[in-house]
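Visitor: I am attaching a structure below and will ask some questions about it afterwards.
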Amino acid sequence: MAIPVINIGSKLDGKGFKQAETALGKLNGTAKTVAKSLGLAFGAAAITAYSKAAVKAFADDEAAALRLNRAVENLGIGFANPAIAKYISSLEKSAAVADDILRPSFQALLTTTGSLTQSQKLLNDAITISRASGIDLATVTDDLGKGYVGITKGLTKYNTGLSKAEIQSKSFNELLGIILKRSAGAAEDYLDTTAYKFDVLSVATSNASEIIGGGLVDAFALVG
């Protein structure tokens, strides 16, 4: 999303100029504060680039939230949207996984299972398996979703200790239980790694960028 153009018009409008000056002053101050906290010295070009990236991050986050809301409404459980938003926000903090990754994963599981409870459980399980296996969350979520409806082929890539024939002979819940049992220790160990600390920092930075982007959209809407 491009940053909106500020159109003040051809006539002299003291109030409009004052609003524009105030908004741009706040933008400049915010960017400098962020730069200072990161130990950086931003020039005009860097501030512009950061502002555009922040606005895009906000727009992408907003679009993802709307897609999930619509999917929930289409399932006839729109009343659950506030609770789902709270769940995603809480999981983002506790698991240090960005909400722009959690939302599409949860949406895919919800569309497959049709159950809020089951989707939450499978997403939590997917995070555990992803941390233990090193396989990205989107792939794990896709494999669990397919496994839920009987397509267990994708589960062979995880540490089950079973042959393909044995995997085919077991139910999804049995296979999931085996994978989780073998993933538990490794998943917990991940919480003590530098990678996890970077995950926490990355989530915090992304959220800050989205907040700043939202502020910029509001500011330009006022003066545009």
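The values are calculated or read from the model by the stated rules, or taken from the named source; none is laboratory data. These figures come from a predicted structure and were not determined experimentally. Note: ideal-geometry Cβ built from the backbone for every residue, glycine included; neighbour counts use all protein chains shown. Please note that ligands, DNA and RNA were not included when accessible areas were found on the heavy atoms of the full protein model with its side chains. Shrake-Rupley method; radii C 1.70, N 1.55, O 1.52, S 1.80 Å.
Visitor: Identify the residue in the range 108-118 that is under 11 Å from residue 144 (Cα atoms) and not small (Gly, Ala, Ser) and, among all such residues, is surrounded by the most Cβ atoms within 10 Å (Cβ to Cβ).
Guide: Selected residue: 109.
Visitor: Out of (1) open to solvent by 60 Å² or more (accessible area, probe 1.4 Å); (2) modelled with pLDDT under 85, the odd one out for residue 98 is which?
Guide: The one condition residue 98 does not meet is (1).
Visitor: Further, regarding this structure: Checking the condition under 22 Å from residue 180 (Cα atoms), open to solvent by 70 Å² or more (accessible area, probe 1.4 Å) and in contact with a helix residue (DSSP H, G or I) (Cβ under 6 Å, 6 or more places away or on another chain), which residue from 146, 121, 157 passes?
Guide: Unique residue meeting the criteria: 146.
Visitor: Residue check: is residue 138 hydrophobic (A, V, I, L, M, F, W, C), surrounded by fewer than 17 Cβ atoms within 10 Å (Cβ to Cβ), closer than 18 Å to residue 99 by Cβ and modelled with pLDDT of 90 or more?
Guide: Yes: the conditions hold for residue 138.
Visitor: Starting from the range 84-111, keep only residues that are under 22 Å from residue 187 (Cβ atoms), then list their pairs with residues that are modelled with pLDDT of 85 or more and among the acidic types (Asp, Glu) whose Cβ atoms are within a distance under 9 Å, requiring at least 6 positions of separation or different chains.
Guide: 101/136; 105/142; 108/142
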